[in-house]
Amino acid sequence: KKFRYSELFDSIRIIPLDTVGDFLLSDAVNVKFELGRVFVRDRGDRIFIFDENGKGLAKIDQKGQGANEYLQIEGFDVSVSDSTLCLYVYPSRLMFWDFKGNLVNKKKVPFGGEDMALLDDDKAAIFVDNERTTRERRMPQLEILDLSDGTSEGYFPGYPFYAGGNVTVFQQRRFFTRTPSGECLFVHPLSN
């Protein structure tokens, strides 16, 4: 079915990002708008923070092998409750940053994955790598990690028509997004 933009949106606002100097982007991968700020992840594993008019405020670019660095960003989310930005990085950690680009906290994650979303009650949802098995020998697609005590619960243990194994993703990204009411949605392609 064909749609006109007027059937989907009641208004459109264009925000030109001030991408000069330290805010030069190299291929945006993900964009989120929260708390009057625009957060952009680029293919260079950096996060840029802009105000609601597109002016550059801060950049998180800590690629490296040090204690407060990461090799790759797998996903990110914005915590509205404490105004922090949470990066899910490789090696598997959650790194919390303030909106000025300062590291404020980090937590180890006991499994690898592809993307994450912060949930209510101090939890995070993480799409996990297909090879991961838990103590119960399940192969979950999704883990809910309790940030207060580090425990997790696996969901989507596989599909019967794949003999209980995981569905191959064929390099299609699995990712999270939010509705305007705050519900967390996830996209999980079953094949290409």
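Tabulated results
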quantity	calculated
Tally of residues being over 16 Å from residue 79 (Cβ atoms) and in a loop (DSSP other than H, G, I, E, B) across segment 31-51	3
Checklist (1) assigned to a loop (DSSP other than H, G, I, E, B); (2) touching a Phe, Trp or Tyr at 6+ places or on another chain (Cβ under 7 Å); (3) at pLDDT 95 or above applied to residue 54, failing item	(2)
Hey, residue 33 surrounded by 11 or more Cβ atoms within 10 Å (Cβ to Cβ) and closer than 15 Å to residue 101 by Cβ or not	no
In segment 166-188, residue modelled with the lowest pLDDT [restricted to those that are of a type outside the set (S, T, N, Q) and loosely packed, with under 13 Cβ neighbours inside 10 Å]	170
Residues located in segment 10-30, provided they are under 30 Å from residue 87 (Cβ atoms), assigned to a loop (DSSP other than H, G, I, E, B) and open to solvent by 100 Å² or more (accessible area, probe 1.4 Å)	12, 13, 14, 24
Leading residue by the ranking (nearest to residue 24 (Cα to Cα)) among those in segment 53-65 that are out of contact with any strand residue (DSSP E or B) (no Cβ under 9 Å at 6 or more places or on another chain) and touching a residue at least 12 places away in the same chain (Cβ under 8 Å)	55
Enumeration of residues in segment 36-51 that are modelled with pLDDT under 95 and open to solvent by 50 Å² or more (accessible area, probe 1.4 Å)	43
Any hit, segment 99-108, residues being closer than 21 Å to residue 178 by Cβ, open to solvent by 20 Å² or more (accessible area, probe 1.4 Å) and modelled with pLDDT of 95 or more	yes
Hits in segment 131-154 (condition: modelled with pLDDT under 80 and surrounded by fewer than 17 Cβ atoms within 10 Å (Cβ to Cβ))	131, 133, 134, 135, 136, 137, 138
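The values are calculated or read from the model by the stated rules, or taken from the named source; none is laboratory data. Predicted model only: the values in this text are computed from it and were never measured. Neighbour counts are summed over all protein chains in view; Cβ atoms, including those assigned to glycine, are modelled from backbone coordinates with ideal geometry. Surface accessibility is based on the protein's heavy atoms, side chains included, excluding ligands, DNA and RNA. Shrake-Rupley method; radii C 1.70, N 1.55, O 1.52, S 1.80 Å.
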